[in-house]
Amino acid sequence: FPSHDKVKVTSNEKAIDDTLWSLAAGELSDWSKAEVVCGAWDLGGRDDLAAVSLVARLHDGTDQAGENRYRYEIQTRSFINSENERDIAKEPWADYVRRGLLVVSPSELNDLKATCKQWWREYKAKDWAYDPHTSRDVAQDLTSDGLKCVEFYQNCSMYNEPLRTFLKALKAGAIRHDGNPLLAWCASNLVTTQNHKGEVMPDKKSSKEKIDPMVATIMAFRLASLAPQRAKGSLFVF
């Protein structure tokens with residue numbers, strides 16, 4: 001990874017610039033041509049969102065030194081229990097549901113697992129990150145189905161490098177998403193917390209609203225950025 005010294009992320013600071021995120025929207029590429037596609041999921045409580053995210057790494061030409069450059073593309077799907085306290089008949093929630101961006105279900109965990117398996121088959125996304133403190137049972141079920149589930153502990157040490165590198169890639173135009181408005185809302189909500197070492201991570205408690213799809217995205221980004229390359233030459237994040 002390149003140095004992150006110039007990326008400023010401080011405790012309780014809004015992490016993602018809304019304009020930069022808007023500029024990153026666009027049509028996704030043919031993921032059958034991706035270097036790798038990796039996934040992650042993040043679970044919430046009964047009145048919280050759960051989310052699945054996929055990140056594809058695609059070759060994006062070379063720089064002036066002839067080194068490979070890469071673009072990272074994102075898609076997500078969110079889930080909420082049908083007995084949640086939110087009024088999902090109101091906008092924008094109703095729109096999220098109509099567009100299939102938010103699945104309302106009495107068994108959201110089963111729907112989440114079904115999505116992981118569907119995307120594994122569709123995109124060959126075998127590697128998946130998860131929080132072992134909250135979803136070890138889900139990981140065991142998916143592992144038995146053939147997915148490779150990788151522990152991602154929810155601490156600053158684990159998040160620091162992928163979060164900073166993701167933000168740097170976003171600033172450089174190396175992140176693309178499909179314009180999902182629910183993901184954009186979560187990106188706008190994302191703030192960070194910082195430990196005594198200056199390491200950062202998403203802060204669910206301080207974020208004004210839900211950020212679960214972005215948390216899953218950062219987890220999936222870490223796997224995609226670290227996966228072995230298939231093309232020749234050195235791997236650069238952007």
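By the helix-only formula, in which each DSSP H run with n ≥ 4 contributes -39500 (n - 2.57) and the sum is divided by residues, the chain has a 222 nm mean residue ellipticity of -10500 deg cm²/dmol.
Using the Stokes-Einstein relation with a Kirkwood hydrodynamic radius computed over Cα pairs, the translational diffusion coefficient of segment 20-114 at 4 °C and a viscosity of 1.567 mPa s comes to 84 µm²/s. Counting only protein heavy atoms and a 1.4 Å probe, the chain has 48 square angstrom of accessible area per residue.
For segment 59-75, 3J(HN,Hα) computed residue by residue from phi via the Karplus equation (6.51, -1.76, 1.60; θ = phi - 60°) reads 5, 10, x, 10, 8, 5, 8, x, 7, 5, 10, 10, 10, 10, 10, 10, 9 Hz, glycine and proline entered as x.
Highest GNM mean-square fluctuation, the chain, Cα pairs closer than 10 Å: which of R99, R222, R136? Comparing R99, R222, R136 in the GNM, the peak value goes to R99. For R69, the residues 5 or more places off, or on other chains, whose built amide H falls under 5 Å of its own are D60, G61, T62, D63. Note on the chain: with neighbouring protein chains present and a 1.4 Å probe, carbon and sulfur make up 46 percent of its accessible heavy-atom surface.
Over segment 73-159, the pair-distance histogram of Cα-Cα distances with 5 Å bins from zero comes to 3, 12, 20, 21, 19, 15, 10, 2 percent, rounded to whole numbers.
The calculated FRET efficiency for the pair K197 and D145, based on their C-beta separation and a Förster distance of 45 Å, comes to about 0.75.
State which entries of K14/K204; K90/K168; K14/K126; K14/K205; K33/K126 exceed 24 angstrom in Cα-Cα distance in the structure shown.
K90/K168; K14/K126
Size of the chain from its Cα atoms: along the principal axes, largest to smallest, the extents are 55, 38, 32 Å.
The values are calculated or read from the model by the stated rules, or taken from the named source; none is laboratory data. Everything numeric here is computed off the predicted structure, so don't read it as measured data. All Cβ positions, even for glycine, are placed from backbone atoms using ideal geometry, and neighbour counts span all protein chains on display. SASA here: full protein model, heavy atoms, side chains in, ligands and nucleic acids out. Shrake-Rupley method; radii C 1.70, N 1.55, O 1.52, S 1.80 Å.
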